[in-house]
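Student: The following block contains the structure, expressed as structure tokens.
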Amino acid sequence: MIVMLGDSITEWAGNWSKLLDSSKEIINQGISGNTGVDILARMDEIYFCNPDFVFIMFGINDIFQGYDIGTIFSNYQKILQKLEEKTKAQIIIQSTLYIFGSSPEFKEVNKSVTRLDEKLQSYSQENAISFLNLNEFLSKDEMLRADCSVDGVHLSQFAYSLWAKTLKDTFSEIFK
């Protein structure tokens, strides 16, 4: 069993098994508006699933709500440690995605995304956890591509198809 864990960006993909054309059972544990604090509060739901793999992505709501990068990263670490303690799941961290827009506020948010993703990638390397930088496929010049977004934050169907292709190409053995 595979769990996709995160916020609305994960949730709005809908049926991950269909999106990934996979016979595996994939549970969508994305919930709109979730922050790291919210995910920490619902970890029992994840343990109950007894997953073999957990793909995790969150952080944009935390940034929007004014959490500093250190706090967001600390919540990530707590979640990852709990997953390692209470499950046998292989964990795959997916980068927090950039947003799209031209205002100075968007640029500041994207700078925060860069800092968070750098911390997550470094942590992944130090702890032998897989890290997938989705911004390489969905973004350009540290900004979510316009054709990948419906509102500057959430993804278009085209972006979900790119995400799914990236997952299948990178982790083909998981999604057979």
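The values are calculated or read from the model by the stated rules, or taken from the named source; none is laboratory data. From a predicted model like this one, the values you see are computed outputs, not experimental measurements. Cβ placement follows ideal geometry from the backbone for every residue including glycine, while neighbour counts extend to all protein chains displayed.
Student: Would you pick out the residues in segment 163-176 that are assigned to a helix (DSSP H, G or I) and more than 14 Å from the chain's Cα centre (by Cα)?
Tutor: Just the residues of segment 163-176 that are assigned to a helix (DSSP H, G or I), to begin with: 163-170.
Once the filter is applied, which keeps residues that are assigned to a helix (DSSP H, G or I) and more than 14 Å from the chain's Cα centre (by Cα), segment 163-176 yields Lys165, Lys168, Asp169, Thr170.
Student: What residue, of Ser8, Ser22, Ser95, is modelled with pLDDT under 95 and of a type in the set (Ser, Thr, Tyr)?
Tutor: The match here is Ser22.
Student: What's the total number of residues in segment 57-105 that are assigned to a loop (DSSP other than H, G, I, E, B) and basic (Lys, Arg)?
Tutor: 1
Student: Something else about it: For segment 107-125, indicate whether the set of residues that are in a helix (DSSP H, G or I), more than 22 Å from Phe64 (Cβ to Cβ) and among the acidic types (Asp, Glu) is non-empty.
Tutor: no
Student: Does any residue of segment 135-152 turn out to be of a type outside the set (Gly, Ala, Ser), touching a residue at least 60 places away in the same chain (Cβ under 8 Å) and not in a strand (DSSP E or B)?
Tutor: Within segment 135-152, none of the residues are of a type outside the set (Gly, Ala, Ser), touching a residue at least 60 places away in the same chain (Cβ under 8 Å) and not in a strand (DSSP E or B).
Student: Further question: So, in segment 93-136, of the ones that are closer than 19 Å to Asp151 by Cα and in contact with a Gly (Cβ under 8 Å, 6 or more places away or on another chain), which residue ends up surrounded by the most Cβ atoms within 10 Å (Cβ to Cβ)?
Tutor: So the residue we want is Thr96.
Student: Just one of Val3, Val37, Val54 is in a strand (DSSP E or B), of a type outside the set (S, T, N, Q) and either in contact with a Cys (Cβ under 8 Å, 6 or more places away or on another chain) or more than 18 Å from Leu134 (Cβ to Cβ) (or both); which is it?
Tutor: Details: Val37 fails: in a strand (DSSP E or B); Val54 fails: either in contact with a Cys (Cβ under 8 Å, 6 or more places away or on another chain) or more than 18 Å from Leu134 (Cβ to Cβ) (or both).
Being in a strand (DSSP E or B), of a type outside the set (S, T, N, Q) and either in contact with a Cys (Cβ under 8 Å, 6 or more places away or on another chain) or more than 18 Å from Leu134 (Cβ to Cβ) (or both) holds for just one of Val3, Val37, Val54, which is Val3.
Student: For residues that are more than 19 Å from Lys88 (Cα to Cα) and either among the hydroxyl-bearing types (Ser, Thr, Tyr) or surrounded by 15 or more Cβ atoms within 10 Å (Cβ to Cβ) (or both), tally how many sit in segment 7-36. I'd like the intermediate steps shown before the answer.
Tutor: In the first step, residues of segment 7-36 are kept if they are more than 19 Å from Lys88 (Cα to Cα); the result is 7-23, 30-36.
If we keep only those that are either among the hydroxyl-bearing types (Ser, Thr, Tyr) or surrounded by 15 or more Cβ atoms within 10 Å (Cβ to Cβ) (or both) as well, we get 7-13, 16-17, 19-20, 22-23, 30-32, 34-36.
Looking only at that region, the number is 19.
Student: Of all residues in segment 59-91, how many are out of contact with any helix residue (DSSP H, G or I) (no Cβ under 9 Å at 6 or more places or on another chain) and touching a residue at least 12 places away in the same chain (Cβ under 8 Å)?
Tutor: 3
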